[in-house]
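Enquirer: Quick one: this structure, given as structure tokens, is what I'll be asking you about.
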Amino acid sequence: MLEATGRYERALVEAAIDRVLPIIAVNPIHVPRYAQAVGKLAKTDAIDAKLIAEFAEVVQPRVIEYSDIHVICVKDLPTRRRQLMGRRTMELNRLKITGQAKPMWAPFCPLRRRPDDSGQKPTGRRTCVIQPEPLD
């Protein structure tokens, strides 16, 4: 059992999965909350190791056995998408603040034409669509 801390645990989790060993990656908030509940507030590596072992014994978290490392990668995709969308939003906000009319990627994107019956002109907004490469 280990604390999941910012993907630093990933190499160990992958190694355990490759060797078909059961492994538990607990939420890093749960162990400190458990320590607070039992009144152990000191923070050293030795105390943390004992607390994690005690937490595992008392709480008995569910062992998650992944059949394949690809499952982990697929589960990471929504997190990565959320990160990229956040960066995109930050960049668009920065462009508004600096007064730039178009993002630097705008010349490579086609004009969006909304199919509507109003007969209005296209908005002039640009949309990039990335086509997935075919799998072999």
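Laboratory data are not the source of any read-out in this text; all were calculated from the coordinates shown. Because the structure is predicted, anything quoted here is derived from the model rather than measured. Neighbour counts run over all protein chains shown; Cβ positions are idealised from the backbone, glycine included.
Enquirer: Name the residues whose placed amide hydrogens come within less than 5 Å of the amide hydrogen of Lys40, ignoring near sequence neighbours (fewer than 5 apart) on the same chain.
Expert: Sorted by chain and number, the residues that satisfy this come to none at all.
Enquirer: With θ set to phi - 60° and the Karplus curve 6.51 cos²θ - 1.76 cosθ + 1.60, what are the ³J(HN,Hα) couplings of segment 41-53 in order, to the nearest whole Hz, using x for Gly and Pro?
Expert: 9, 5, 10, 9, 4, 5, 5, 4, 4, 5, 5, 5, 5
Enquirer: Give me the distance in nm between label points sitting 7 Å out from Cα along the Cα-to-Cβ direction at Arg94 and His70, one decimal.
Expert: 3.6
Enquirer: Relative to the present Cα-Cα distance, how much length would full extension add between Thr79 and Glu57 at 0.36 nm per residue of separation?
Expert: 4.9 nm
Enquirer: Counting alpha carbon pairs within less than 8 Å and at least 6 residues apart, what relative contact order, in whole percent, applies to segment 2-59?
Expert: 33
Enquirer: Ok, one more. What does the net charge come to around Val59 if you take all other residues with beta carbon closer than 14 Å to its beta carbon, with K and R at +1 and D and E at -1?
Expert: It works out to a net charge of -1.
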